[in-house]
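Participant: My questions all concern the structure below.
The values are calculated or read from the model by the stated rules, or taken from the named source; none is laboratory data. Everything numeric in this text was worked out from a predicted model, so none of it was measured. Heads up, the Cβs are rebuilt from the backbone with ideal geometry, glycines too, and the neighbour counts pull from every protein chain shown.
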Amino acid sequence: MDDFSKPYEYNEEKIGLILLFVIMIVSIDTFLGLSLTVQAYGVLKHIPALAIGYIVLGTLFVLLIIVTAVICYKLKPYLVTLSKVYLLVRTIFMACSTIMLFLFDVNNKSLIGNGPNHYKTVGELTFSILIAPLAYLLLFTVAWYLYFVKSKRCKEITNKQANK
């Protein structure tokens, strides 16, 4: 009978939504970051310095994803601050990449037509390549930023940092 503890004796780490954030940034943002970097490289490859610079930025972004995921998973006291910085960097990197790719694709008249890989109108191309990705980007950023600002769990973690 000594092997069983009472429920209040368990000292569990409640990671819940923070774990979801970690899973989302590792799975979705890593893929998006690499995808946008490769696509941007394809657009910028005729200017080697910019293309290589963009690969460096993409690599740094993926490294930031990894660092943020590890810090959040381990519930380090500064995870709220780092997560906010990550969300800001993510928004800037992905918005700039999306806009750059849109500006390149909107001028490509071979993407509009009646074929299997064509958009029917410029409006459909604009929605698919610019509006929908930016809407997802902003929705994700705002929702998680509000979570990190308003969450009781995040306030507890931040208070741990202030008390040390």
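Participant: Scan region 135-156 and tell me whether some residue there is over 24 Å from I25 (Cα atoms), of a type outside the set (A, V, I, L, M, F, W, C), surrounded by 15 or more Cβ atoms within 10 Å (Cβ to Cβ) and at pLDDT below 95.
Facilitator: Within region 135-156 (the criterion being over 24 Å from I25 (Cα atoms), of a type outside the set (A, V, I, L, M, F, W, C), surrounded by 15 or more Cβ atoms within 10 Å (Cβ to Cβ) and at pLDDT below 95), the answer is no, since none of the residues qualifies.
Participant: If you don't mind, another one. So, restricting to helices (runs of 4 or more DSSP H) that lie completely within region 39-135, which ones have at least 1 residues that are within 16 Å of the chain's Cα centre (by Cα) and either within 30 Å of I157 (Cβ to Cβ) or in contact (Cβ under 8 Å) with a residue 12 or more places away in the chain (or both)?
Facilitator: In region 39-135, the matching helices (runs of 4 or more DSSP H) lie at 48-73, 79-106.
Participant: Restricting attention to region 54-61, does a residue exist that is modelled with pLDDT under 90, under 23 Å from A40 (Cα atoms), among the β-branched types (V, I, T) and surrounded by 14 or more Cβ atoms within 10 Å (Cβ to Cβ)?
Facilitator: So far as region 54-61 goes, no, none of its residues is modelled with pLDDT under 90, under 23 Å from A40 (Cα atoms), among the β-branched types (V, I, T) and surrounded by 14 or more Cβ atoms within 10 Å (Cβ to Cβ).
Participant: Which of the numbered conditions does S5 fail, given that it passes all the others? Conditions: (1) over 18 Å from K84 (Cβ atoms); (2) at pLDDT 95 or above; (3) surrounded by fewer than 15 Cβ atoms within 10 Å (Cβ to Cβ).
Facilitator: Unmet condition: (2).
Participant: Sticking with this structure for a sec: Looking at the structure I just gave you, is S97 surrounded by 14 or more Cβ atoms within 10 Å (Cβ to Cβ) and among the polar types (S, T, N, Q)?
Facilitator: Judged against the criteria, S97 is a match.
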